[in-house]
1. Over the Cα atoms of the stretch 239-330, each weighted equally, I'd like the Debye log10 I(q)/I(0) at q = 0.11, 0.12, 0.13, 0.26 Å⁻¹, rounded to two decimals.
2. Of SER299, SER110, SER152, which has the largest mean-square fluctuation in a 10 Å C-alpha GNM of the chain?
3. Looking only at ALA130, ALA188, ALA278, which one moves most when the chain is put into a Gaussian network model with springs between Cα atoms under 10 Å?
4. How tilted is helix 183-228 with respect to the longest principal axis of the chain? Cα atoms for both, answer in degrees (0 to 90, nearest 10).
5. From the gyration tensor of the Cα coordinates in the chain, what semi-axes in whole Å does the equivalent ellipsoid have, largest first, with each one equal to sqrt(5λ)?
6. Rounded to two decimals, what is Rg over Rh for the stretch 104-195 when you use alpha-carbon atoms and the Kirkwood radius?
7. Determine one quarter of the surface area of the Cα convex hull of the stretch 144-302, which equals its mean projected area, and express it in nm² to one decimal.
8. Quickly work out the ARG120-to-VAL212 label distance, labels modelled 7 Å from Cα along the C-beta direction, and quote it in nm with one decimal.
Amino acid sequence: MTLRRQIAAVIALVSCLVALAVGVLVHQASVRQHTDQARASALAALDSVLTGYDATGELVAGWHAAADDPALPPDLRRLAERGRQGSVLGPGPHGPAMWAAAGADGRVLSVRMDYAGDARAIADLDRAVAIGAALSVLVTVLAGVLAADRISSRLRTAARTARTIARGDLDARIGPLGRARDEVAELAAAVDSMSAALRSRLAGEQRFTADVAHELRTPLTGLLTASELLPPGRPTELVRDRVRALRDLTEDLLEVSRLDSGTDATDLADLPLGPLLARIAAHTGAEVELRIATDAVVSTDPRRFDRVVANLLANAHRHGRPPVLVTAEGTTVTVRDHGPGYPEEILHEGPRRFRTGARERGGGHGLGLTIAQGHARAIGAELRLADHPDGGALARLVLPGPRETPEPREDPGPREDPGSRETPGPPSSPGS
């Protein structure tokens with residue numbers, strides 16, 4: 001049950017209980033008042049009848065006075081026969097009546113006051129109270145629903161913004177949510193403050209990463225050049241290998257920094273998917289089995305798409321086992337290996353930088369899938385990671401279809417043949 005329905009249900013229940021309590025109290029007070037008035041009138045009439053009977057030996061006319069009336073309630077008759085005086089509300093010939101009786105000369109003298117008018121007045125009052133209570137409950141419930149709807153709407157706005165922030169949009173803000181400075185407004189202000197602080201902290205970390213990578217690039221370039229001058233031998237190969245690995249890590253850090261800042265432009269074009277995958281598979285330098293189930297035209301940035309698929313293939317070769325299968329079906333590309341699969345934390349939380357997952361999937365810096373995910377997001381594609389039911393890691397890349405209304409572009413002149421472009425070097429070892 002939603003918060004709005006809970007509040008409305010509580011308000012309706014409380015309103016009904018209050019209306020019921022008020023109705024019962026009013027009913028009891030009305031019955032008590034009419035009963036007391038009728039009893040006082042009957043006893044006064046009985047006193048007059050007894051006075052007249054003592055003086056004349058006959059009953060005074062009026063008040064339905066009678067001696068040994070057979071309709072007299074039995075309890076009141078027995079009370080009068082014991083020489084006592086009393087009254088009781090009971091049935092009469094024409095509806096409810098207030099009876100009063102007393103004993104005199106071995107006889108039971110009684111009077112009867114019609115109570116039907118009082119009963120009708122009580123019933124009319126009960127109906128009026130019921131109608132008023134129903135209207136009050138209806139108005140209260142409507143007001144409660146409106147108030148609950150306003151609170152619920154503000155909370156839903158806060159929840160939507162919080163989910164937007166969780167997806168990575170740290171510029172999202174809830175805002176004041178009205179003028180009221182209540183708990184909901186305080187919650188919105190706290191979430192906005194948290195988002196601003198988180199954005200500031202992430203921006204600082206991104207600047208630190210970019211600065212460190214930039215500062216490392218120049219000495220690493222010199223170190224790599226110097227390593228080429230070392231005499232041949234096993235120690236030299238080890239030094240060169242470690243220097244290249246450090247250089248690749250630095251380049252990956254710079255690329256992550258550019259993805260975080262969003263400074264790289266995305267040049268989308270409508271291209272056939274099959275030839276793109278064939279070219280990437282040919283330049284990986286490793287054995288890849290390519291299957292084009294159904295070719296399609298996709299809207300993508302060739303440079304970013306190359307990087308995504310190349311990193312997925314490098315990840316499959318590094319952490320999985322052959323054969324590595326690339327399948328294109330429509331606008332969906334899948335990359336599958338036959339290794340141990342992705343670690344549980346990556347399947348649940350997604351790729352994280354400098355997190356390589358399980359040991360059985362090998363080493364790495366955890367940047368390959370992070371970079372692939374960043375480029376996929378930049379071209380409007382969706383990258384999903386899962387384990388294949390028959391074993392192995394399965395990466396599914398869902399690309400957007402061709403644009404319906406291409407944006408006008410200035411003719412840059414003769415285009416270079418895609419097949420003759422210089423192919424970027426093999427991607428760094430991404431890890432998962």
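The values are calculated or read from the model by the stated rules, or taken from the named source; none is laboratory data. Nothing here was measured: the structure is a model prediction, and the numbers come from that model. For neighbour counting, all protein chains shown are included, and Cβ atoms are generated from backbone atoms with ideal geometry for every residue, glycine included. In case anyone asks, the SASA skips ligands and DNA or RNA and just uses the protein heavy atoms, side chains included. Shrake-Rupley method; radii C 1.70, N 1.55, O 1.52, S 1.80 Å.
1. Log-scaled intensity ratios, in q order: -0.41, -0.48, -0.56, -1.30.
2. Judging by the Gaussian network model, the answer is SER110.
3. ALA130
4. 10 degrees
5. They are 98, 22, 21 Å, listed from largest to smallest.
6. Using only Cα positions, Rg/Rh for the stretch 104-195 is 1.64.
7. Over every viewing direction, the Cα hull of the stretch 144-302 projects on average to 16.9 nm².
8. A separation of 9.5 nm, rounded to one decimal place.
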